[in-house]
């Protein structure tokens, strides 16, 4: 297994397992788009895409994107850490996260072991 690190602005060093994501970090100019492209999708609902990227130095979290907006959401306790999105999107993401908190924490642990996170049932 090959572990690869890359620096992303103020976020710091993130670890990505090439076994899971391949060597596709080259060719992107915008750091945020490049990072988002490397994060595995764990759920999709109502146009919202939920992704997770493990970073040892950070608390358990996931990213929710909707169009050009993005939220970073802490898993325990469930809360928005940063980002902006329409109020309806924020409430849907928080509702989904509360329903699937245990699964999200299991996925975070999988990422910590350089394993691919499991898909999580979308909000219905």
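So, in the range 19-71, exactly how many residues are over 26 Å from residue 87 (Cα atoms), at pLDDT 60 or above and surrounded by 14 or more Cβ atoms within 10 Å (Cβ to Cβ)?
Looking only at that region, the number is 3.
Got a sec? Which of 122, 86 is loosely packed, with under 13 Cβ neighbours inside 10 Å and under 16 Å from residue 49 (Cβ atoms)? Lay out the reasoning, then the answer.
Values: 122 fails: loosely packed, with under 13 Cβ neighbours inside 10 Å.
When all the criteria are applied, what remains is 86.
Would you mind telling me which numbered condition in (1) farther than 14 Å from residue 122 by Cα; (2) part of a helix (DSSP H, G or I); (3) in contact with a strand residue (DSSP E or B) (Cβ under 6 Å, 6 or more places away or on another chain) residue 62 fails?
(2)
The values are calculated or read from the model by the stated rules, or taken from the named source; none is laboratory data. These figures come from a predicted structure and were not determined experimentally. Cβ coordinates were reconstructed from backbone atoms using ideal geometry, including for glycine residues, and neighbour counts include every protein chain displayed.
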